[in-house]
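The values are calculated or read from the model by the stated rules, or taken from the named source; none is laboratory data. Because the structure is a prediction, the values reported are computed rather than measured. So basically every Cβ, Gly included, is an ideal-geometry build from the backbone, and we count neighbours across all protein chains shown. Heavy atoms of the whole protein, side chains included, go into the accessibility calculation; ligands, DNA and RNA do not. Shrake-Rupley method; radii C 1.70, N 1.55, O 1.52, S 1.80 Å.
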Amino acid sequence: MKGIVFTEFLELVEDKFGLEVVDEIIEKSTLPSQGVYTAVGTYDFSEMLSLLTHLSNITHLSIDDLLLVYSEHFFNVLVDSYPGLIAKYNDPIEMLASIENHIHVEVLKMYPDAELPTFEVLEKSSNKLVMIYKSSRAMYYFGLGLMNKTFEKFNSSATIVMEKIKEDGTEVKFIITKNDEQN
């Protein structure tokens, strides 16, 4: 997992819960990196899972809820750091449908060893998108947060339904229906 995911996560934890909580989750976790991350480094996913688990225990928020909040923060980081990544899009459905064939291609140019989830588009129209998310990390709530922020970025909204294909969350169907715009 790329270091930027860790550095931004710890920054968010500090902003929301304070430096003491950052120190506490690092201390309680068994981290080969000892909690020292660089944005361009690569670290084992188990470290993120450990940090999330300890943060969940301290805050009494579920890991899914923490991933949702974190992904919304991370979306803003991506937009600010890589504005060209989404500049070509003027519609959230179009952007989300292009995750696999454009956005992930560009991410891999910047971070060649990034391990990204896959998104297979099953159905697409101007107001509906059905995709299958696949990842051994089962961070589908992170994907949900990024999708929510995509619609927000385009001053739009959607109803997003998740259906687990595999109970462990490594394969999830997203059914995204763009809400009618009120004028």
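Please enumerate the residues belonging to region 100-125 that are part of a loop (DSSP other than H, G, I, E, B) and without any contact (Cβ under 8 Å) to a residue 40 or more places away in the chain.
Applying the first criterion (part of a loop (DSSP other than H, G, I, E, B)) to region 100-125 yields 111-117, 125.
Within region 100-125, PRO112, LEU116, PRO117, SER125 meet the criteria.
Does ALA97 satisfy the condition of being surrounded by fewer than 16 Cβ atoms within 10 Å (Cβ to Cβ), in contact with a Leu (Cβ under 8 Å, 6 or more places away or on another chain) and in contact (Cβ under 8 Å) with a residue 24 or more places away in the chain? So ALA97 fails the test. Contact annotation: residue pairs with Cβ atoms under 8 Å, 6 or more positions apart or on different chains, pairing a residue in region 8-36 that is at pLDDT 95 or above with a partner that is exposed (fewer than 12 other Cβ atoms within 10 Å of the Cβ) and not acidic (Asp, Glu), are ILE26/GLN34.
If you take the residues in region 37-50 that are buried (at least 17 other Cβ atoms within 10 Å of the Cβ) and under 16 Å from MET139 (Cβ atoms), which one is modelled with the lowest pLDDT? Working first, answer last.
Our first condition is that a residue be buried (at least 17 other Cβ atoms within 10 Å of the Cβ); within region 37-50, this holds for 37, 43, 47-48, 50.
Applying the additional criterion that residues be under 16 Å from MET139 (Cβ atoms) yields 43, 47-48, 50.
Details: TYR43: 92, GLU47: 95, MET48: 95, SER50: 96.
That would be TYR43.
Yes or no, residue by residue, for (1) at pLDDT below 95; (2) open to solvent by 40 Å² or more (accessible area, probe 1.4 Å); (3) over 16 Å from the mean Cα position of the chain (by Cα); (4) of a type in the set (Lys, Arg):
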site: ASP113; (1), (2), (3), (4): yes, yes, yes, no
site: LEU129; (1), (2), (3), (4): no, no, yes, no
site: LYS134; (1), (2), (3), (4): no, yes, no, yes
site: TYR140; (1), (2), (3), (4): no, no, no, no
site: ASN148; (1), (2), (3), (4): no, yes, no, no
site: VAL161; (1), (2), (3), (4): no, yes, yes, no
site: LYS164; (1), (2), (3), (4): no, yes, yes, yes
site: GLU167; (1), (2), (3), (4): no, yes, yes, no
site: LYS178; (1), (2), (3), (4): no, yes, yes, yes
